[in-house]
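Read through the structure below, which is laid out as C-alpha cells, and then see the notes.
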Amino acid sequence: MKLFLDTAEIEEIRTVHSWGVLDGVTTNPTLFSKIKGMTYDVVLQEICGITKGPVSAEVVAEDVDGMLSEGRHFAKLADNIVVKVPMSETGLQAINRFRAEGIKTNCTLIFTANQGLLAAKAGASLLSPFVGRVDDINEDGMAVIRELSEIIRFFDYDSEVLTASVRHPRHVTEAALNGSHIATLPFKVFGQMVHHPLTDKGIVQFRKDWDTARAAMEQSSGGKVKEAAS
Ligand code: E4P
C-alpha cells in the first residue's frame, strides 16, 4: 500500500521523506491557506523537489475551461504533478479532457462508490473518497472504500483508490484491509503510526538494562571491556 502525506508544509514532507516511507503528497486549497509567504506554484515546486511520487495540485475553477487552464499550468511545474479536480459534471468533463492530453488527475470530494465509478470511467488516475467527512455525518466512510476498491479491481479500471480525509491510524489499517491502493495522511497520523507506548517504554528499558550490564562488566574486568555501543 502506498502512503501519501496530506499537507503543504515543506518541513513535514522532508521529515516523512527522510523515514523512507513517503510515496507522494496531496495538497488542497485549505492546506495551502496555512502556508505563509509562498505562492502555490512555489510550494508545489518545492514539494516536487523532495518527492518523485505523485503530488496533487487542486484546481479551484468551476468551469471546464478554467479547470483546464489551471491544470495545464500545474502540469508544467513538474513531471510528477497530478491535477486534483472536484467531482462534478464539469469536473468529469475536465478529467476526460486531461486524460486525452496525457495529464494525470486525482478526482477529489468523492463520497460514494458511484461517484468513484464515474471518475474512473472519465479517466481519473486517482479516486479520493473522504472517509473522515463521511464518518463525521454518522455514515460509514470505510464502506465507500470497500465498495469502490472492489469495483475498480472487478472491472480492472486503470485507477487507484486513494483514501482521503484520514483522521486517525485506525483509518489507515482499515483502508489497507479494505483494498485501498493508497491512503493520504496528515503528518500527525504518520507520527501516531510510528509510536506505541510499549515500544517507547521498551526502548528506555533496553537502554537502561544495557547500561547496567555494561557498568557491571567494566567493574568486574577493571575497565578493560570494549563494546561497539557507547
Ligand atoms: C486530500 O486529498 C483531501 O483534500 C484531504 O484528505 C481532506 O481532508 P479533511 O477532510 O481532513 O479536510
message = Whole angstrom only: what separates the Cα centroid of region 193-211 from the Cα centroid of region 1-71?
response = 35 Å
request  = Give me the accessible area of GLU62, 1.4 Å probe, in Å² rounded to the nearest 10.
outcome  = 150 Å²
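Please compute the contact order of the chain in relative form: average sequence separation of alpha-carbon pairs under 8 Å and at least six residues apart, divided by the residue count, as a percent.
Once normalised by length, the contact order is 16 percent.
Before I look further, what does region 99-210 give for accessible area per residue, probe 1.4 Å, in whole square angstrom?
So region 99-210 comes to 55 Å² accessible per residue, rounded to a whole number.
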query = On average, how much accessible surface per residue is there in region 23-72, in Å², for a 1.4 Å probe, leaving out ligands, DNA and RNA?
reply = 45 Å²
remark   = Taking a ≥ b ≥ c as the square roots of the eigenvalues of the Cα gyration tensor, with a/c under 1.5 meaning rounded and otherwise prolate when a/b exceeds b/c and oblate if not, region 1-150 is oblate
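If you roll a 1.4 Å probe over the chain with all protein chains in place, what percent of the accessible area is carbon or sulfur?
55 percent
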query = Just the accessible area for SER221, please: 1.4 Å probe, Å², rounded to the nearest 10?
reply = 40 Å²
ask   = Which of LYS36/LYS201; LYS34/LYS121; LYS121/LYS188; LYS34/LYS76 have a Cα-Cα distance over 30 Å?
value = LYS36/LYS201; LYS34/LYS121; LYS121/LYS188
ask   = Which order do TYR40, TYR157 take by accessible area at a 1.4 Å probe, largest first?
value = TYR157, TYR40
request  = Return the calculated 222 nm mean residue ellipticity for the chain, to the nearest 500 deg cm²/dmol, obtained by summing -39500 (n - 2.57) across DSSP H runs with n ≥ 4 and dividing by the residue count.
outcome  = -16500 deg cm²/dmol
note = When the charge dipole of the chain is computed with +1 at the Cβ of Lys and Arg and -1 at the Cβ of Asp and Glu, the Cα pointing farthest to the positive end, of VAL60, ILE95, ILE13, is that of ILE13
query = Using a 1.4 angstrom probe with every protein chain in place, what is the largest-first accessible-area order of LEU117, LEU5?
reply = LEU117, LEU5
request  = Determine how large the accessible area of ASP140 is when every protein chain is in place; take a 1.4 Å probe and give Å² rounded to the nearest 10.
outcome  = 80 Å²
note = By accessible area (1.4 Å), largest first, LEU68, LEU177, LEU92 order as LEU177, LEU92, LEU68
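The values are calculated or read from the model by the stated rules, or taken from the named source; none is laboratory data. These figures come from a predicted structure and were not determined experimentally. Quick reminder, even Gly has a Cβ in these numbers, built from the backbone with ideal geometry, and neighbours come from all protein chains shown. Accessible surface is based on the protein model in full, side chains and every heavy atom, while ligands, DNA and RNA are left aside. Shrake-Rupley method; radii C 1.70, N 1.55, O 1.52, S 1.80 Å.
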